[in-house]
Structures are given as C-alpha cells and as structure tokens.
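The values are calculated or read from the model by the stated rules, or taken from the named source; none is laboratory data. Here the structure is a predicted model, which means the values were calculated and not measured. Quick reminder, even Gly has a Cβ in these numbers, built from the backbone with ideal geometry, and neighbours come from all protein chains shown.
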Amino acid sequence: MKKKIIDFDKEFTDIQSSLCDVSSKLRNAKEKSNLVSEEIIKLEKELQELGLSKSNSSFEWLDIKNINHNHYSSEFFSNLSKDLEEQVTKEVNGNTNLLPATTKLDYSVALIIGTLGAVVDMLYVKIPSDITYLNQYEQKGSKITEWLKSLGIDEDGKLNHFFRQLEQTNKVSFDASTKHGLGSYSEEVSGFYPKTHRLMSLGHDPFYGLIFGLLDIINGNITLIDSKGVIHNVSLEKFQDITFEDKVFAPFVWIGHILSDVCTKMGVPVPGWGFTQLLQFGSFGENNRTFADLARYMYLEGYDLRHLVTMGIVPGIIDLCMRIYFKLTLAESDAYSLLYQRNLKEVQDRIRLEKMLFIAHSVATSGNVLKIILYQGNPSALNISEVLAFVKQSVEMVRIQQRNTTGEKVIRNRQKINDEWNNIK
C-alpha cells in the first residue's frame, strides 16, 4: 500500500466527530430560542390586551437567521482527503524552481560569446590550407594552421635534425607506406599509398594508436582499414624477430614515431579519424562520395592533428570567456549558512554555468554550419572540435534533466515551510 505523506483520513474523522457535536448543540439551541421567541410574542399580546404596552406596535425582535447545519458524511471527508493528498504530493514532488533561473544578462552574454566563437571560426580557423575547391572556388586556409605546419622543419621543408633522429631510431611495423611493403597481401588492400597510409594505419592514431600501435609492434603486424572499409591485419616478415627488450620499450618507440610524424607534410590524423573509413554510406556531391570518401578527402587536404589544435581555439575561447563571466557574477556563499544550503547553491551554480555554455556552443555550432555554406559545402570547413563541444554540452543538459532531484526537493520544501512560518510571524 502506498504510504501517504499526510494521513488526512484520521484527521477528517476527528473533525467530522467534532462538527457533528457542534451541529447537534446548535440545533438544540435553535429550538430553545424558537420556544423563547414564541413565549415573548404571547406575552406581548397579553400586555397589549391589558393596555400595559407603551406602544400599539409590536416589539421588534431581531429574527434569528436560519442556520444550515450540514452533516458531512464519511464519503465527503474521504474524497476531500484524496484531493488534498494529490495537491500535497504534486507540490512536494514537483520540479518547479529546481533549475536555477537564467537572467537576461546571462542569455545575452552567452549569445555574444557564442557569436564571438563563430566569428573566430570564420576569420581565423577557416580551412586547413589554400585550395581551389571544385576547381572554381578560391578558398584561403588558416594562417594559424600554416604556422603550426612550419614547426619542426628546416628551410628546405624537411624535418629538422631532432625529428629526423626520432624517425630513424623509432622504426615500427605499422609504418608501411605502400602496397609493396605489404608483400603478397598488397592486392587485397584498396586506396593504400604514401599520402593515405597514416590515415588507414590505426597505429598512427594519436589516441587509439596506443592500443593498435603497441599490438602491431609486439606482433610485427600492421592493422589498417582500407578505402573500401575492409579491416586488415597483415603480418610483416621483417618485423617478426622482435626481441623481448624491444617489446618492453614498445610504448616509447610508439611515442617517438608519432612525434616524428607530427611535423611531416601529411602529419598524423585527428584522433579516431581512421575509423571513418568504415562509414561506407551516404552520397554527396557530383561524385556521390560516401562519408568515408569525404573524411579521406579532408585528411588529404590537411585536416590533421595540427588543424585540430587550430579548431580547438573556438571551444577554448568560449569556455574561457564564459567561465570568467561566471566567476565575476557568482554570488559568494554565506559562511554561516547551513551545509545543505551551501551544497544546493553549488549544484545550482554548476547548472547555471552548464546552461550558459550550452547556449554559447549552440550559437557557435550554428555559425560553423553557416561557415560550411559560405565555403560552398567544403567539408574541411567543419570544426570538429566545436561540434564535439556542442555534443558534450547537449549530453550534459540531458544529464541535468535526468538527475536525482530528491535532495533538492527536500531542501526546497524545507525552505518553503520556513518562509511560510516567517510570514505568519
């Protein structure tokens, strides 16, 4: 049986009993009053007949108003109990006012910061490099990405001495760059050549490569996903005689090799970008490109780890500016307030910040969509960093909506009770 917040049934039973007693006493009092009134009227008439009345008119007596004595039934109190129970339950469990209010200033600042992020995306992030898109649209690349790509190379465009040393001392099995390096397995792999080998070889991934790269080094293999979305794990003969010491130092070899590749012309792919070759669906543009084709095109046009750093400026600026504004407008906690009140304030402050970040990233992501349109649909104009930041904030807002609010409801209801008592006083 569901436990009620307040047991109105017992309360109403007592009230009903009291009302019945009072009603009975009032009825008896009325009957006695009517009898007294009749006796007085008779006495008045007798006085008039005897000529003792000072007035020929009757005494004016105030009429006793008819009192409606309602006898409330048990059914009435039962229904009233249910109605009150529903109202109390709705009030106690309601989510009203659990989300902190966002002021007009908060909305305005979030919109301005989001717009600032979109402007930075269009004017500074742009696309990885200068290209003539679709052989007719001249599009300028990012100066920031251009500067990043100039690091680690000499005047001739080759790796400087430090990175050349890393490249020579950190040879790995997953660095085969042509089909010939795959031996007899070469005909089974599609679209694999020097410019695409780091995209397709999962060992070159700056994040997941720590798993696939180490497994490839230890086993003397190369794990790759070709342009048709086929996963290959090829054993390379010349890397089969790996010593125990080489296996132990495999993590350091992997790190050294990735560092040597970062500053090369093609660089290393965005983390997880190699898995896009599994997306063998979709039809875009005149050539009916799949998602995998678009991702491969983006990498070939310079969409690598260095451009990811450039794209990260947008969500970085938004987060920095928003948190500065949040700190400046954050009300200080009362040092003498109760612990539960301080905890509730911390929760509400965090929710307020997440709401403003969501608004700002929504605006910036919308600006990135506009940027892609202005770039004639060039997929390299996609700011994956900002899109991921928007997705993160969307997930955070869902988590906020679905959070356990029991503690917050208890604190809110306790505060409302305190406020009501203070008003009574």
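Of all residue pairs spaced 6 or more apart or on separate chains, those with beta-carbon atoms under 7 Å, a first member in the range 112-123 that is of a type outside the set (S, T, N, Q) and a second member that is outside any helix (DSSP H, G or I) are ASP121/ASN383. All of (1) surrounded by 14 or more Cβ atoms within 10 Å (Cβ to Cβ); (2) over 26 Å from SER184 (Cα atoms) hold for LEU214 with one exception: (2). Here the condition is being more than 30 Å from SER129 (Cα to Cα) and either part of a loop (DSSP other than H, G, I, E, B) or at pLDDT 75 or above (or both); of GLU386, GLU420, GLU396, it holds for GLU396 alone. Residues in the range 217-227 that are surrounded by 24 or more Cβ atoms within 10 Å (Cβ to Cβ) and in contact with a strand residue (DSSP E or B) (Cβ under 7 Å, 6 or more places away or on another chain) were compared, and the one that is farthest from ASP304 (Cα to Cα) is ILE222. For beta carbons closer than 6 Å, sequence separation of 6+ or different chains, a first residue in the range 181-197 that is within 19 Å of THR264 (Cβ to Cβ) and a second that is outside any helix (DSSP H, G or I), the qualifying pairs are PHE192/ASP226; PRO194/SER177; LYS195/MET266; HIS197/SER177.
Does PHE174 satisfy being under 27 Å from HIS257 (Cβ atoms) and free of Cβ contacts under 8 Å to residues at least 12 places away in the same chain? For PHE174, the condition - under 27 Å from HIS257 (Cβ atoms) and free of Cβ contacts under 8 Å to residues at least 12 places away in the same chain - is not met. Restricting attention to the range 89-112, the residues being modelled with pLDDT of 65 or more and surrounded by 15 or more Cβ atoms within 10 Å (Cβ to Cβ) number 6. Does the range 127-139 contain at least one residue that is surrounded by fewer than 17 Cβ atoms within 10 Å (Cβ to Cβ) and within 15 Å of VAL262 (Cβ to Cβ)? No, there is no match, as no residue in the range 127-139 is surrounded by fewer than 17 Cβ atoms within 10 Å (Cβ to Cβ) and within 15 Å of VAL262 (Cβ to Cβ). The C-beta contact set for the range 133-152 (first residue closer than 15 Å to LEU308 by Cβ, second residue part of a helix (DSSP H, G or I) and among the aromatic types (Phe, Trp, Tyr), distance under 7 angstrom, 6+ apart or interchain) comprises SER142/TYR124; ILE144/TYR124. For the residues VAL230, VAL234, VAL189, the requirement of being under 27 Å from LEU294 (Cα atoms), surrounded by 20 or more Cβ atoms within 10 Å (Cβ to Cβ) and either out of contact with any Gly (no Cβ under 9 Å at 6 or more places or on another chain) or not assigned by TED's automatic domain parsing to the domain that holds LEU294 (or both) singles out VAL189. Flag: PHE239 matches the condition of being over 37 Å from the mean Cα position of the chain (by Cα), of a type in the set (Phe, Trp, Tyr) and farther than 23 Å from PHE291 by Cα. The C-beta contact set for the range 257-282 (first residue touching a residue at least 60 places away in the same chain (Cβ under 8 Å), second residue buried (at least 22 other Cβ atoms within 10 Å of the Cβ) and of a type in the set (Ser, Thr, Tyr), distance under 6 angstrom, 6+ apart or interchain) comprises PRO269/TYR299.
Taking into account only those residues within the range 176-186 that are out of contact with any helix residue (DSSP H, G or I) (no Cβ under 7 Å at 6 or more places or on another chain) and in a helix (DSSP H, G or I), which is surrounded by the most Cβ atoms within 10 Å (Cβ to Cβ)?
In the first step, residues of the range 176-186 are kept if they are out of contact with any helix residue (DSSP H, G or I) (no Cβ under 7 Å at 6 or more places or on another chain); the result is 178, 181-182, 184-185.
If we keep only those that are in a helix (DSSP H, G or I) too, we end up with 181-182, 184-185.
Details: GLY181: 17, LEU182: 19, SER184: 8, TYR185: 15.
Across the range 176-186, the extreme among qualifying residues is LEU182.
Just to be sure, is LYS195 touching an Asp or Glu at 6+ places or on another chain (Cβ under 8 Å), outside the structural domain of THR329 (by TED's automatic domain parsing) and surrounded by fewer than 18 Cβ atoms within 10 Å (Cβ to Cβ)? So LYS195 fails the test.
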